[in-house]
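**Q** Just passing along the structure, written as structure tokens.
Values quoted throughout were computed directly from the atomic coordinates according to the rules given, and no laboratory measurement underlies them. Being a predicted model, the structure only gives us computed values, none of them experimental. Quick reminder, even Gly has a Cβ in these numbers, built from the backbone with ideal geometry, and neighbours come from all protein chains shown.
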Amino acid sequence: MDVLEAIKNRRSHRAFTAEPVEPEKVEAILEAGRWAPSAANSQPWEFILITSEAARRRIYELSEEAKRTGHIAIRGFSYVRPLPGEVTGEDETLAAVQNYSFKFLTNVPVIIAVVGVPATPVQQASPGETADSYKYACGAVIQNMLLAAESMELGSLWFTFFDPQLAGQFLGIGPDRRLVALVLVGYPAGNPLPPGRLPLAAKVRRII
Ligand SMILES: Cc1cc2nc3c(=O)[nH]c(=O)nc-3n(C[C@H](O)[C@H](O)[C@H](O)COP(=O)(O)O)c2cc1C
């Protein structure tokens, strides 16, 4: 599959069949992640491959728990439910999250946790490497994985609705590491419609 075709055809899947994913496809997805770019080739990531049914169920329970308590991550940022009366502008998002079921976490056959390794202050002094570099690199890893999945006709999802502390503890992630995202991979049940994009004219300023 052509890479531009994969970029456009890729969708976020939130329903999967029970069909297992072939181990060589899982390895190809991990391999695609490994080849992502990173500042000064620091490769500030680790992957945890989760296929056990019990572990997937536990991740589901923890995400539901985080939703109930309000400790969730929205758009990759940790978010804590505001105190009553506190205005944050994110209440609407939170309400939408409360109605969003994470049930697919229990039947998706493969979850890859992408764990970021923040640079030490000494490493941050090297050209191109900042405190945020690991986030950018992990973003590249995740997109590589999603596109690799798409190229093998697998469905995937970039999932961040977890409490980094709760989920991190369950996955054995140390205090010097960050759970950036869970990448879900399985055979898609259904064909989600593309949510659309703003036109280039709204997003591009040209200096010619
Ligand atoms: C940083 C980031 C976090 C995301 N977290 C979630 C998530 O937790 N749950 C979810 O269903 N989708 C999540 N998504 C997927 C987006 O909702 C999705 O990419 C967007 O709606 C566009 O749809 P598309 O991927 O089908 O083009 C996330 C995407 C990104 C880039």
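**Q** Quickly estimate the mean residue ellipticity at 222 nm for the chain, helices only: each DSSP H run with n ≥ 4 gives -39500 (n - 2.57), and the total goes over all residues, rounded to 500.
**A** -11000 deg cm²/dmol
**Q** How large is the direction-averaged shadow of the alpha-carbon convex hull of region 3-202, in nm²?
**A** 13.1 nm²
**Q** Shifting gears a bit: Between residue 47 and residue 99, what is the FRET efficiency for a Förster distance of 30 Å, r being their Cβ-Cβ separation, to the nearest 0.05?
**A** So, using R0 = 30 Å, E works out to roughly 0.45.
**Q** How many nm separate the modelled label positions at residue 131 and residue 165, each set 7 Å beyond the Cα in the direction of the Cβ?
**A** 1.9 nm
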